[in-house]
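The values are calculated or read from the model by the stated rules, or taken from the named source; none is laboratory data. Bear in mind the structure is a predicted one, so any value in this text is a computation, not a measurement. Using ideal geometry, Cβ is built from the backbone for each residue, glycine included, and neighbour counts are taken over all protein chains shown.
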Amino acid sequence: MNEELEIFLEDCEDQLQSMENALLQMQSGVIDEDAIGSIFRAVHTIKGSAGMFGFDDIVSFAHTGENLFDLIRQGSVKISPDMLTHFLLCKDHMEKLIDAVVNEEDISPQLEAIGEKLVEKLVTYMTPIEEVKEVVLNLNEIDDTSNKVTSLWHISIRFSKDFFTTGMSINATFNFLNKIGTIHINHALTYAIPLLEELLPTQAYIGFELVFETSSSKKEIEEVFEFIEDDVDLVLFQTEDIEAYDMLLQKRKESQLKDTLISAKLALAENFTLELQEDESSVSSEAIVEKEIKKKEKKVSTTLRVDSTKIDVLINYMSEIVIANSKILSLVASEDDKEENSELQEAANNMKELLEYVRDGIMDIRMIQVGDSFNKFKRIVNDTSQKIGKDVEFVISGEDTELDKTVVERISDPLVHMLRNSIDHGIELPAERLANGKSAKGRVDLRAFADSGSIVIEIEDDGKGLDKTKILAKAIENGQVHPNANLSDEEIFKLIFEAGLSTAEKVSDISGRGVGMDVVRRNIEDLRGTIDIESTLGKGSKIIIRLPLTLAIIDGFLVQVGNTKYIIPLENIKECIELSKTQETEMGSNEFINLRGEMLPLIDVRKILHEDKSIYKRTNIVIVYFGNKTVGLIVDELLGEYQTVIKSLGEVFHKISGISGGSILGSGEIALIFDIPRLIELKSRLGSDNEL
Amino acid sequence: MNSNIADIDIDIEDELDLFVIGDAQQYLFFKAGGDIYAFDVADVSEMIEYQTLTKVPMMAPFVKGVTNIRGSIVPVIDLLERFSLGQTTIGDKTSLIIVDNMALIIDEVHDVSSIVEEDIKESLEFGFKIAQHFIKNMAKYNDSYIAILNAQEILNIDELSILEGD
């Protein structure tokens with residue numbers, strides 16, 4: 001796909017999303033001017049961009065929608081719920097059309113047929129009907145839906161020298177103008193074209209002066225040029241505005257322009273009262289200039305679209321730099337003559353600090369707000385609940401929480417699945433809810449927030465909750481749980497993430513399709529996240545997902561256990577202590593110590609990882625936490641903080657839990673990175689099986 | 001020993017060029033547990049000296065750990081243990097051959113040479129000391145039959161990723 005098309009696609013996606021948001025807002029009962037306005041703008045912009053590319057199918061479809069919304073905006077058509085549902089279908093259709101043209105596919109006959117039906121229905125919403133039909137037919141002629149009086153405009157166009165490199169065509173611009181009005185006189189200015197030997201064929205020298213008749217407003221004409229505004233110098237005024245001709249000359253500063261305009265009948269000689277003077281600056285021309293500047297300022301966006309692979313490349317290099325710098329630091333630190341090297345050391349430390357800033361900055365580029373992604377779920381919730389006759393209020397909070405782009409993308413499907421589950425299995429039918437003393441309308445909450453170095457996403461519903469006995473019975477039946485096993489509530493709920501454990505009496509086409517809960521868990525674990533579930537029978541369920549802020553680099557703490565070095569993510573570490581002799585004696589064969597009056601369970605890493613007996617005299621404890629669990633890890637030696645790049649250990653090791661990857665140290669050695677949440681889980685599982 | 005391996009490296013390159021012209025397939029011959037085995041050179045991407053590795057806990061005994069090969073983390077597998085023929089003793093000539101982004105520990109690299117098609121035979125259904133599915137073909141090499149190994153089977157992810165005790 002070329003760059004222009006990509007921008008077009010992204011633009012359309014944005015517009016479609018804001019259209020959908022507005023439609024859903026209206027569906028929930030809030031019908032205001034803002035919502036209608038934003039839909040109108042979205043349709044209009046898509047039509048505009050599609051027109052620039054000559055995607056006529058999209059233009060004509062969008063055109064009908066635009067007209068209807070124009071009528072709605074003026075108050076001559078009232079919105080009905082039926083219409084809103086239809087609009088959503090139209091939005092979907094538009095999406096499909098865009099997909100097709102962007103992928104350079106032909107519009108299939110089926111799609112065309114759907115489009116025609118949708119348009120037919122759209123047209124019926126417009127009154128009076130005759131007038132509307134005319135609009136659809138006379139797409140290429142003057143737009144007269146709103147019965148506005150047409151007026152004549154003078155349009156003066158100059159293209160920037162490298163206009164052709166933008167991939168836009170001059171023709172498309174005219175085609176598009178023709179769609180909103182009629183060009184009466186089109187005079188090409190050729191006097192700027194140099195002699196053949198000086199002519200660069202890749203540059204645009206040509207300019208145009210037109211007389212254009214349309215019912216559209218100035219703004220609408222300007223929007224024709226929206227897509228190429230940076231490469232086109234436009235002067236636009238109504239032909240009756242006689243003073244404007246002088247200003248045009250002032251602005252263009254082209255000696256032949258006046259005569260050309262007169263001879264092409266674009267202007268009358270008496271329109272010009274001033275002689276062109278280089279340094280003359282009348283108040284009015286200043287005004288134009290000022291206006292132009294203002295327009296420019298307003299349009300300059302502070303955002304920059306960057307291909308995310310470029311950032312990935314940068315992150316990869318950054319990772320290598322981080323590794324290289326760790327090596328420098330360790331070399332500097334190992335130098336014997338500390339005195340002499342103090343400057344070197346200072347420089348190295350300074351470098352380290354700066355690198356941290358750069359790294360954070362790069363990582364920050366990848367962070368996006370979850371809001372856009374969450375808003376897409378509104379539609380899914382809406383469709384799902386309508387389909388199965390449930391009334392659901394969907395509440396999103398924490399839209400501005402930021403998360404790595406990759407994480408946001410990869411969390412989307414699992415979230416959709418869980419939301420569908422909540423509605424399908426969680427929320428009861430309105431009658432059942434009323435019978436149980438609940439309000440007929442169910443509620444599903446989707447929240448995101450930051451919590452101690454990780455991001456938490458919660459899905460909470462006020463439905464019927466999980467039935468412990470049912471789940472347990474099914475798990476025992478499947479042989480996944482021993483009949484005599486004594487499981488906590490939490491452990492029982494977690495069983496729903498095991499493969500093949502669906503307690504739904506009937507598989508509906510809503511949660512029955514796509515991924516299962518076991519795949520959901522797998523996806524989240526692949527992102528180094530965890531998933532937990534809380535539920536009260538009759539009251540509802542809450543799924544809690546914890547995700548790391550970022551995937552590529554972590555701040556870690558290097559420790560030695562046996563012959564192997566391990567890295568513990570700093571975000572999980574509470575403190576490090578030394579296991580004192582008294583504590584050791586007190587502990588006996590138990591695996592916990594009394595830490596300042598609190599019981600602290602311990603994990604002997606050496607034991608759990610089958611390392612040989614320690615040769616170290618001192619025993620250290622790294623106290624780690626995740627969520628509400630705190631444990632102490634018994635390790636041999638503390639080696640200090642370490643910034644590190646997570647590398648995957650590869651497929652061979654994908655079943656290991658408790659280790660999330662490896663990292664190459666400055667010395668070339670590989671250190672394994674602990675996955676604290678999984679390690680705690682592993683320990684409690686092994687512990688309950690009495691294997692250790 | 002360094003020069004030893006470097007020589008072979010160059011050999012492979014040269015012989016590969018030759019191979020394009022000739023019609024006999026090229027093989028890498030090496031020793032593991034005293035016996036000679038072979039890999040199709042197309043399966044082997046690199047040979048290096050044995051180097052320190054980092055143990056990864058919980059894995060099956062033949063998965064020895066991981067090692068750093070030019071900034072990539074590569075799993076290390078003891079070929080002899082994979083064949084259930086005991087553990088390779090690490091010595092001066094111990095090498096790692098890289099097949100499909102995994103490092104196999106072997107005793108020593110022996111030779112790179114070609115085998116003509118007539119000398120390649122179907123593997124026996126039984127009677128050889130390593131399991132039949134690890135063998136692609138048998139081949140006559142210096143008047144005795146040796147096994148040409150099946151890299152896909154030896155490095156089958158499902159089997160390699162089994163955890164200890166599973």
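Suppose we filter region A:462-488 for residues that are free of Cβ contacts under 8 Å to residues at least 24 places away in the same chain and not β-branched (Val, Ile, Thr); how many remain?
Step one: of region A:462-488, the residues free of Cβ contacts under 8 Å to residues at least 24 places away in the same chain are A:469, A:472-473, A:476-488.
Applying the additional criterion that residues be not β-branched (Val, Ile, Thr) yields A:472-473, A:477-480, A:482-488.
Number satisfying all stated conditions: 13.
Only one of the listed residues (A:395, A:408) is buried (at least 16 other Cβ atoms within 10 Å of the Cβ), at pLDDT 85 or above and of a type in the set (A, V, I, L, M). That residue is A:408.
Residue pairs whose Cβ atoms lie under 9 Å apart, separated by 6 or more positions or on different chains, with the first residue in region A:554-568 and farther than 11 Å from residue A:671 by Cβ and the second surrounded by fewer than 22 Cβ atoms within 10 Å (Cβ to Cβ) and of a type in the set (Lys, Arg), are A:562/A:606; A:562/A:613; A:562/B:55; A:563/B:55.
Screening the candidates B:117, B:153, B:122 for the property of being away from chain A (no Cβ under 14 Å), within 23 Å of residue A:653 (Cα to Cα) and either modelled with pLDDT under 95 or surrounded by fewer than 16 Cβ atoms within 10 Å (Cβ to Cβ) (or both) yields one hit, B:153.
Highlighted here are the strands (runs of 3 or more DSSP E) found entirely within region A:338-414 that include at least 1 residues which are farther than 28 Å from residue A:554 by Cα and touching a Ser or Thr at 6+ places or on another chain (Cβ under 7 Å): A:392-397. Filtering region A:625-649 to residues that are modelled with pLDDT under 80, among the small types (Gly, Ala, Ser) and outside any loop (DSSP other than H, G, I, E, B) leaves nothing. For residue A:589, the criteria (1) at positive phi; (2) more than 14 Å from every other protein chain (Cβ to nearest Cβ); (3) of a type in the set (Gly, Ala, Ser) hold in every case but one, which is (1). Can we say residue A:570 is within 14 Å of another protein chain (Cβ to nearest Cβ) and either surrounded by fewer than 17 Cβ atoms within 10 Å (Cβ to Cβ) or modelled with pLDDT under 80 (or both)? Answer is no for this residue. In region A:646-660, what residues are facing another protein chain (nearest Cβ under 10 Å), surrounded by 21 or more Cβ atoms within 10 Å (Cβ to Cβ) and farther than 15 Å from residue B:55 by Cβ? The answer is none; no residue qualifies.
Out of everything in region A:661-684 that is surrounded by fewer than 23 Cβ atoms within 10 Å (Cβ to Cβ) and among the acidic types (Asp, Glu), what residue ends up being farthest from the other protein chains (Cβ to nearest Cβ)? Top of the filtered list is A:681.
If you filter region B:63-72 down to residues that are surrounded by fewer than 20 Cβ atoms within 10 Å (Cβ to Cβ) and more than 8 Å from every other protein chain (Cβ to nearest Cβ), you find that the one that is modelled with the lowest pLDDT is B:70.
The residue that is surrounded by the fewest Cβ atoms within 10 Å (Cβ to Cβ), among those in region B:30-52 that are more than 8 Å from every other protein chain (Cβ to nearest Cβ) and either assigned to a loop (DSSP other than H, G, I, E, B) or of a type in the set (Lys, Arg) (or both), is B:34. Among the residues of region A:10-37, those identified as crowded, with 19+ Cβ neighbours inside 10 Å and within 21 Å of the chain's Cα centre (by Cα) are A:12, A:15, A:19, A:20, A:21, A:22, A:23, A:24.
Restricting to region B:73-89, name every residue that is within 14 Å of chain A (Cβ to nearest Cβ) and touching a residue at least 12 places away in the same chain (Cβ under 8 Å).
Step one: filter region B:73-89 for residues within 14 Å of chain A (Cβ to nearest Cβ), giving B:73-78, B:82.
Listed by number, the residues that qualify are B:74, B:75, B:76, B:77, B:78, B:82.
Tallying residues that are among the polar types (S, T, N, Q) and outside any strand (DSSP E or B) within region B:66-97 yields 5. Picking from residues in region A:628-645 that are surrounded by 18 or more Cβ atoms within 10 Å (Cβ to Cβ) and of a type in the set (S, T, N, Q), the one that is nearest to the other protein chains (Cβ to nearest Cβ) is A:644. Entry remark, region B:75-101: residues being among the aliphatic types (A, V, I, L, M) and in contact with a Gly (Cβ under 8 Å, 6 or more places away or on another chain) number 3 in total.
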